[in-house]
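The values are calculated or read from the model by the stated rules, or taken from the named source; none is laboratory data. All figures in this text were calculated on a predicted structure; none of them were measured in a lab. Neighbour counts run over all protein chains shown; Cβ positions are idealised from the backbone, glycine included. Note: areas computed on protein heavy atoms with side chains; ligands, DNA, RNA excluded. Shrake-Rupley method; radii C 1.70, N 1.55, O 1.52, S 1.80 Å.
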Amino acid sequence: MSSKDFDRIFREHIQRIFVPYAESILGVKVAQSKSLPTTFKGTYARELDFLTEVETNQGQKLLLHFEFQATNDPKMLCRMQNYHSLVYCKYGLPIHHFVIYHGRRKAKMKTILPEEDIFTGFKMIDFSQEGLETFLSAPNPELVMVGILSDFGYRTDEEAIKGLVQALKITSPNSVELRKYLEDCQMLANIRGL
């Protein structure tokens, strides 16, 4: 099975797999969700105005990034966030950003992201550390299906697979959908080496 097959399976079922899963991890209820485009037009290959590496008296290395701006750009904060990502991925050092504004009108650009908008890491979803029971009792077939990647615990592979097949029969709306879930589950089982 190729990584494209794996990606396809998760793309097809992502709303019904990960939204309920995120609800349980975050302890929130999602009232509504919708998929958004994942392809962004254009390029992230940006040219910075000025970037320099410095080392402090204490021996700490860090980067200083300067952008020169003549107009009030309402997207400046987003631009700086993108620059931060690009620079950090390349150099892996702390970065201090500065916008040097030289416009005729007073600068009105936002300079600080709200705390909830700041990327500080991500939550790891490691299905191999989740117990099979979570998926056997899942309310929808998409969640049941990914149970094939979970920790089977005391169950043999055969017992776990039988349990998942039974749960898919219960949660699938019809035989056509059941067949599709079983095929996708088989592909995921191949990834796991079953």
Given the options Lys90, Lys108, name the one that is among the basic types (Lys, Arg), within 21 Å of the chain's Cα centre (by Cα) and open to solvent by 100 Å² or more (accessible area, probe 1.4 Å). Lys90
In segment 100-155, anything small (Gly, Ala, Ser) and in contact with a Ser or Thr (Cβ under 6 Å, 6 or more places away or on another chain) is listed as Gly103
State which residue is least open to solvent (accessible area, probe 1.4 Å) when the search covers only segment 166-194 and only residues that are within 13 Å of Leu132 (Cβ to Cβ) and more than 27 Å from the chain's Cα centre (by Cα). Ala167
With respect to Lys75, is the statement that it is open to solvent by 70 Å² or more (accessible area, probe 1.4 Å), modelled with pLDDT of 90 or more and of a type in the set (Lys, Arg) true? yes
What pairs come up if the first residue lies in segment 79-100 and is assigned to a strand (DSSP E or B), the second is surrounded by 13 or more Cβ atoms within 10 Å (Cβ to Cβ) and of a type in the set (D, E, K, R), and their beta carbons are under 6 Å apart, counting only those six or more places apart or on different chains? Val99/Glu67
